[in-house]
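Here's the structure, in structure tokens; my notes come after.
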Amino acid sequence: MSLSKHVNPDHLIKESKDKHEKSHHLTTKASSSALTHTYGSRYGTSSVPKYRIPSTGIDADSAYQIIHDELSLDGSPLLNLASFVHTWMPPQADKLMLENISKNLIDQDEYPMTQAIHTRCISILAELWNAPSSHHAVGTATTGSSEAIQLGGLAMKRLWQARRKAAGKSIFEPGPNIVMGANAQVALEKFARYFEVETRLVPISVESNYRLDPKKAMEYVDENTIGVYVILGSTYTGHYEPVQEMSDLLDAYEAETGISVPIHVDGASGGFIAPFATPKLAWDFRIPRVVSINTSGHKFGLSYVGVGWVIWRSQQYLPKDLIFELHYLGSVEYSFSLNFSRPAHPIIAQYYNFLHLGFQGYRNIALGDLKNARLLSRALEHSGYYTVLSDIHRPVGTTAATLAGAAKAAIKGDEEDVEYYTPGLPVVSFRFSDAFQKQNPDVQQVWIQTLLRAKGWIVPNYELAPDLQQVQILRVVVRETLSEALIDRLVADIIEITENLAKQDSPAHALNVLGQHRSRPITHEEVHGRIEKHEMEDAPKESGTYAKTC
């Protein structure tokens, strides 16, 4: 029998079920697309269809238990180190969200206090990002940074169109374009594709720290450029892109050509890290060319998924034709978001964080995340097995190359002070070191992802952006829930897996390791209190059962 044929698991289940001789024509027959359950009837079973609505429902407890059990097959959010999305909030926040889960944010007349909280959040973020006047800044909550980025891009496109029309120029030939680094998250490219704007991706390089190179970006700017997306925290490596440098070059370009090109800062992650960890860093509305900023409240804003924000420095940068006036909800209301109805409870959760944590609370968490990220970065580099691409553990102004040899000894400073380090997200991107790859040419880096998943960790392995796509990296996002104790365990697992792979001498490395039993303790906790064989002087002889003696 050929082992390469496809076996349909649904068909196997269907053929393997008990068969009934007779069945009433109204009975829902068991099939491969049905779920058989016993909940609510300990001595009986019934089936519910998976892909169509059942003719009759089941009791609430049974429905809950079926779904609950299926969802238990998902990965653990705590161990999902691939995601930037926050996964934990205090019980008080959970309670607030549950109390307000039925509220619709768009119903401003029905829920005036919810709308007031929304307005307060806009004001808080505008002040946090140093808007000229937080009272004049305008913004809105969104379902996430993807919607917020599209709104920021739309505003820049409409302003460009207005300028072209005023100058008597066409808005169609050759049409608008937007400039961004090739490391841009897919949401930025979605904007361009969905709203018919030419995407101009600036290639990244090792020299540009895997991010936008402002000098190279200027080669892509012309009179049809609606704006430049500058990313405060690359998804790939966590590097901040240099907003001030990009602005200075655009200032010089405007002085030479008379063409003004605005900047939208994608602060999806960095918008809630930089203001607290490195408040002296200029990236926000302190730079006049920055006209809008977006962020994700459900990332380092520490709220559950479902809330993003976009803020414009003043109303003049939000075209009026993007604002809709509504009269049918009980009062005159205004809307300038892509979605209409949306849950209010994520906004309430965000406001809870502002009140509960305050500036110092957010700062403490950001500093803690960065400290743990530095710990992980150093541990991986010290192993010799890995090269870390992120720079948050390196002194300001240095790279991996400049830290070699005597240069490292010459750099002094307080290593507890965040200002000592290169600003960036608490993200650790790493790959096999050149030395490890040379010694183990058959070991594939993607096996690390697979074997970590077998231990519960979700750590992605993927290619870098265009021009460096031949380089694969592993990436860990250090969120609030990734404590030092978990990092200790993560490092131990990474080292164990890496060393076991290096010991093998066949292409079946990954499968061999999956079936191995660990032969030695790998952390202090496993050594401490461990009973060694020689300590059991009077151990009885083996009985022949699986419970063998030491």
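The values are calculated or read from the model by the stated rules, or taken from the named source; none is laboratory data. As the structure is a prediction and not an experimental result, all values here were calculated from the model. Positions of Cβ are backbone-derived with ideal geometry, glycine not excepted, and every protein chain shown enters the neighbour counts. The area values use the complete protein model at the heavy-atom level, side chains included, leaving out ligands, DNA and RNA. Shrake-Rupley method; radii C 1.70, N 1.55, O 1.52, S 1.80 Å.
Restricting attention to the stretch 51-67, the residues that are closer than 23 Å to Asp10 by Cα, among the charged types (D, E, K, R) and part of a helix (DSSP H, G or I) total 0.
Is it true that Ile458 is open to solvent by less than 40 Å² (accessible area, probe 1.4 Å) and free of Cβ contacts under 8 Å to residues at least 60 places away in the same chain? So Ile458 fails the test. Just one of (1) of a type outside the set (Lys, Arg); (2) more than 22 Å from Arg479 (Cβ to Cβ); (3) in contact with a helix residue (DSSP H, G or I) (Cβ under 7 Å, 6 or more places away or on another chain) fails for Tyr240. It is (2).
If you take the residues of the stretch 54-73 that are β-branched (Val, Ile, Thr) and out of contact with any strand residue (DSSP E or B) (no Cβ under 7 Å at 6 or more places or on another chain), which of them is surrounded by the fewest Cβ atoms within 10 Å (Cβ to Cβ)? Ranking the candidates gives Thr56 first. Of Arg342, Arg378, Arg289, all but one fail to be of a type in the set (D, E, K, R) and within 20 Å of Thr114 (Cβ to Cβ); the exception is Arg342. When both residues are 6+ apart or on different chains and their Cβ atoms are under 9 Å apart, which pairs have a first residue that lies in the stretch 242-262 and is loosely packed, with under 15 Cβ neighbours inside 10 Å, and a second that is small (Gly, Ala, Ser) and not in a helix (DSSP H, G or I)? If the second residue must be small (Gly, Ala, Ser) and not in a helix (DSSP H, G or I), the pairs left are Glu254/Ser260. All of Leu201, Leu188, Leu212 fail the test of being assigned to a helix (DSSP H, G or I) and touching a helix residue (DSSP H, G or I) at 6+ places or on another chain (Cβ under 9 Å), apart from Leu188. Scanning the stretch 100-111 turns up no residue that is in a helix (DSSP H, G or I) and more than 25 Å from Ser145 (Cα to Cα). Looking only at residues of the stretch 112-165 that are in a loop (DSSP other than H, G, I, E, B) and not polar (S, T, N, Q), we find that the one that is modelled with the lowest pLDDT is His135. Taken as a whole, the structure places Trp309 among residues that are open to solvent by less than 10 Å² (accessible area, probe 1.4 Å), touching a residue at least 60 places away in the same chain (Cβ under 8 Å) and either aromatic (Phe, Trp, Tyr) or farther than 18 Å from Ala148 by Cα (or both).
The set of residues in the stretch 101-133 that are under 27 Å from Phe359 (Cβ atoms), open to solvent by 20 Å² or more (accessible area, probe 1.4 Å) and touching a helix residue (DSSP H, G or I) at 6+ places or on another chain (Cβ under 7 Å) comprises Ile117, Arg120, Ile124, Leu128.
Can you name every one of the strands (runs of 3 or more DSSP E) wholly within the stretch 252-351 that holds 1 or more residues which are under 19 Å from the mean Cα position of the chain (by Cα)? So that I can check it myself, show each step before the final result.
Details: elements: 263-266, 290-296, 308-312, 324-326, 333-335.
Of the strands (runs of 3 or more DSSP E) lying wholly inside the stretch 252-351, those with at least 1 residues that are under 19 Å from the mean Cα position of the chain (by Cα) span 263-266, 290-296, 308-312.
Can you confirm whether Met218 is in contact with a helix residue (DSSP H, G or I) (Cβ under 9 Å, 6 or more places away or on another chain), crowded, with 24+ Cβ neighbours inside 10 Å and in a helix (DSSP H, G or I)? Steps first, please.
Numbers: in contact with a helix residue (DSSP H, G or I) (Cβ under 9 Å, 6 or more places away or on another chain): yes; crowded, with 24+ Cβ neighbours inside 10 Å: no; in a helix (DSSP H, G or I): yes.
Considered against the rule, which asks whether it is in contact with a helix residue (DSSP H, G or I) (Cβ under 9 Å, 6 or more places away or on another chain), crowded, with 24+ Cβ neighbours inside 10 Å and in a helix (DSSP H, G or I), Met218 comes out as no.
Take the residues of the stretch 154-175 that are open to solvent by 60 Å² or more (accessible area, probe 1.4 Å) and among the basic types (Lys, Arg): which is nearest to Gly258 (Cα to Cα)? Break it down stepwise before answering.
Our first condition is that a residue be open to solvent by 60 Å² or more (accessible area, probe 1.4 Å); within the stretch 154-175, this holds for 158, 163, 165-169, 172-174.
Okay, now just the ones that are also among the basic types (Lys, Arg), so 158, 163, 165, 169.
Values: Arg158: 19, Arg163: 12, Lys165: 16, Lys169: 15 Å.
Among residues in the stretch 154-175 that are open to solvent by 60 Å² or more (accessible area, probe 1.4 Å) and among the basic types (Lys, Arg), the one nearest to Gly258 (Cα to Cα) is Arg163.
Considering only the stretch 291-328, state which residues are among the hydroxyl-bearing types (Ser, Thr, Tyr) and more than 24 Å from Val261 (Cβ to Cβ). Full working, then the answer.
Just the residues of the stretch 291-328 that are among the hydroxyl-bearing types (Ser, Thr, Tyr), to begin with: 292, 295-296, 303-304, 314, 317, 328.
Matches in the stretch 291-328: Ser296, Ser303, Tyr304, Tyr328.
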